[in-house]
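Comments concern the structure below.
The values are calculated or read from the model by the stated rules, or taken from the named source; none is laboratory data. On a predicted model such as this, the values are computed, not experimentally measured, just so you know. When we count neighbours, we look across all protein chains shown, and the Cβ atoms used for this are built from the backbone with ideal geometry, even at glycine. Accessible surface is based on the protein model in full, side chains and every heavy atom, while ligands, DNA and RNA are left aside. Shrake-Rupley method; radii C 1.70, N 1.55, O 1.52, S 1.80 Å.
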Amino acid sequence: MSKRMLEGFKVVDFTHVVAGPHATKIMAEHGAEVIKIEPLSGELARTLPMQREGRSGYFIQHNIGKKTMAIDISTPEGQEICHQLIEEADVVIENFSPGVMKQHNLDWDTLKTINPGLVMCSISCFGQNGPLSHLPGFDWIGQSYAGIIDLLGKKDDTPIFGDFAFGDIATGAHAYGAIVTALMHRLRGGQGQYIDISLIEVLFSFHELSVQLYDSTGGQIVATRAGADHHLLAPAGIFKCKGRYLFLVGLNQWAGLCKAIGREEWASDARFKNPGDTGKYREEINAAIQGWLDTQGSVEQAIEVLEAHRVACAPILTIPEFMDHPHVKERGCVRTITDEVFGDIRIPRTPLRFSEFPEPPDLRAGTLGQYNHEILREQLNYTAQQIADLEKAGVIASRGI
């Protein structure tokens with residue numbers, strides 16, 4: 001089998017929960033050696049559901065393929081181990097609150113003297129500088145600041161949030177891309193460098209329309225919560241059909257939509273000539289679509305008609321429905337991980353698909369401190385007595401979950 005694309009690169013990983021671990025999971029899946037450094041009690045993800053035999057399915061999903069070590073980085077001995085690992089590493093990545101790495105002599109100014117070719121990436125909610133940088137943050141905090149949650153929910157009602165980590169996952173993916181770009185720069189003769197990535201900037205970049213509209217109209221157009229409809233464009237939104245819901249976007253296939261719902265005359269109506277203007281007639285358009293949907297026998301029947309006219313639409317599926325969908329099964333969007341403690345667990349497959357590596361590797365998530373002895377012995381040349389002394393002193397620890 002060919003070497004995986006990132007084989008030969010070493011990553012020292014000080015990340016926890018989602019954003020950072022997602023970046024290093026991608027790197028591990030593509031061949032990098034990722035050494036994950038955790039506190040002696042384990043990182044937060046190990047406590048999250050689902051739990052079996054004290055083992056977290058959440059941790060497994062986000063940490064497959066990593067070599068786990070548990071080190072007290074507040075101790076000089078723990079910091080020395082980290083410095084020795086980083087001396088031979090290509091990448092360091094962390095997502096502590098700004099300042100934490102400096103407290104433990106693991107900040108960029110310290111590490112670049114140890115390894116001038118190092119690529120270091122810090123992920124945080126607000127970035128490494130600025131009035132908010134010292135504050136703790138989570139995905140939803142970033143969404144709140146970045147104008148995301150303000151746009152979710154019914155018009156003139158309480159904002160809502162989704163129980164998923166699209167900000168963390170997107171930030172992790174951005175971090176992965178930035179790290180690989182920096183490594184490419186180094187391979188071409190450039191220097192090591194420091195990368196500062198914040199959730200609020202990644203999340204703010206999701207506004208593909210609203211920012212430039214606000215600015216270019218002198219503040220006259222401000223995106224607002226619109227509930228089931230787009231606040232500006234039509235048709236684009238959620239409709240109901242026989243007790244089920246579907247999402248419909250008719251902007252690119254206006255003529256097909258008009259024919260599908262029996263409003264062929266609208267295809268030549270001057271009011272709808274410019275797709276960007278149709279939002280002015282949103283109520284009329286949406287009422288006609290809803291009236292047509294009310295005549296259909298099922299949401300599947302309605303979607304069949306719309307798809308025959310190349311109108312973009314989709315049933316709004318639950319997670320179980322998505323996982324059981326024939327398209328999802330054929331593409332293998334869900335993969336099964338076999339964990340020695342937890343058992344089999346299904347998780348999302350990496351969305352990155354490469355022709356030379358069509359299948360993701362069969363990887364496992366390490367137990368706490370599982371690789372302490374191996375890495376200290378084989379990579380840093382510690383003796384058995386030195387390792388035993390570190391364990392006795394509480395510098396390193398391990399646990400079989």
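Taking every alpha-carbon pair within the stretch 250-319, the share separated by more than 14 Å comes to 60 percent. The alpha carbon gyration tensor of the stretch 1-107 gives principal lengths a ≥ b ≥ c with a/c of 1.5 or higher and a/b no greater than b/c, which makes the shape oblate. Pairs of Cα atoms nearer than 8 Å and 6+ residues apart set the relative contact order; for the chain it is 18 percent. Considering only G219, A178, W108, and ranking their Cα positions along the charge dipole of the chain that arises from unit charges at the beta-carbon of Lys, Arg, Asp and Glu, the one farthest toward the positive end is G219. Computed over the Cα atoms of the stretch 125-243, the ratio of the radius of gyration to the Kirkwood radius (Rg/Rh) comes to 1.07. For the chain, the solvent-accessible area of protein heavy atoms averages 51 Å² per residue (probe radius 1.4 Å; ligands and nucleic acids excluded). The distance separating the Cα centre of the stretch 323-401 from that of the stretch 214-248 comes to 42 Å.
Between beta-carbons, use under 11 Å as the cut-off and find the net charge around Y58, counting Lys and Arg +1, Asp and Glu -1. Surrounding charge for Y58 is +1.
Work through the residues other than D139 whose Cβ is under 12 Å from its Cβ and net out their charges, Lys, Arg +1 and Asp, Glu -1.
Neighbour charge sum, excluding D139 itself: -2.
Backbone phi angles across the stretch 133-145, fed through the Karplus curve with coefficients 6.51, -1.76 and 1.60 (θ = phi - 60°), yield HN-Hα couplings of 4, 7, 7, x, x, 10, 3, 5, 5, x, 4, 5, 6 Hz in residue order; Gly and Pro are listed as x. Pairs of Cα atoms nearer than 8 Å and 6+ residues apart set the relative contact order; for the stretch 98-244 it is 29 percent.
Simple spin-label estimate for S298 and T75 gives 6.4 nm between the two label positions (7 Å along the Cα-to-Cβ direction from each Cα). Per-residue extension of 0.36 nm, minus the Cα-Cα distance of A308 and E359, leaves a gain of 15.1 nm for this segment.
Considering all different alpha carbon pairs of the stretch 29-186, the Kirkwood hydrodynamic radius works out to 17.8 Å.
Work out the FRET efficiency for N252 and I316 from their Cβ-Cβ distance, taking R0 = 25 Å, and round it to the nearest 0.05.
After rounding to 0.05, the efficiency reads 0.80.
So for the stretch 275-354, what percent of the C-alpha to C-alpha distances run longer than 20 Å? Roughly 57 percent, rounded to a whole number. Within straight-line reach of K273, meaning a Cα separation under 22 Å, sit the following lysines at least 8 residues removed in sequence or on another chain: K259. In terms of its C-alpha gyration tensor, the stretch 291-401 has a prolate overall shape, because the principal axis ratio a/c (a ≥ b ≥ c, square roots of the eigenvalues) is not below 1.5 and a/b outweighs b/c. Put F342, F96, F164 in order of accessible area, highest first, and with a 1.4 Å probe you get F164, F96, F342.
Of the solvent-accessible surface of the stretch 1-66, computed with a 1.4 Å probe and all protein chains present, 58% belongs to carbon and sulfur. The overall shape of the chain, judged from the alpha-carbon gyration tensor, is prolate: a/c is not under 1.5, and a/b is greater than b/c.
The modelled label-to-label distance between Q191 and V334, using points 7 Å beyond Cα along the C-beta direction, is 5.0 nm. Solvent-accessible area assigned to carbon and sulfur over the stretch 84-208 amounts to 58 percent, based on a 1.4 Å probe. Relative contact order, whole percent, for the stretch 84-140 stands at 41, derived from Cα pairs under 8 Å and 6 or more residues apart.
Taking only the alpha carbons of the stretch 309-357, we obtain Rg and Dmax values of 14.3, 50 Å in that order.
About its Cα centre, the dipole of the chain is roughly 620 debye, where the only charges are +1 on Lys and Arg Cβ and -1 on Asp and Glu Cβ.
Projecting the Cα atoms of Q370, I285, I387 onto the charge dipole of the stretch 264-401 (Cβ charges, centred on the Cα centre) puts I387 farthest toward the positive pole.
For trypsin sites (Lys or Arg not before Pro), the sites in the stretch 326-401 that DSSP calls loop and that have at most 16 other Cβ atoms within 10 Å are R353, R364, R399. Label separation (R4 vs F204): 3.5 nm, computed from points 7 Å beyond Cα along the C-beta direction. Placing unit charges on each Cβ (+1 for Lys and Arg, -1 for Asp and Glu) gives the chain a dipole about its Cα centre, and among T24, S122, S210 the Cα reaching farthest toward its positive end belongs to S210.
Ranked by solvent-accessible area (1.4 Å probe, protein heavy atoms only, all chains present), the residues E7, E330, E321 order from largest to smallest as E330, E7, E321. What does the charge count near R225 come to, summing +1 for each Lys or Arg and -1 for each Asp or Glu among other residues with Cβ under 13 Å from its Cβ? It works out to a net charge of -2.
Accessible area per residue was computed with a 1.4 Å probe on protein heavy atoms; M323 scores about 50 Å².
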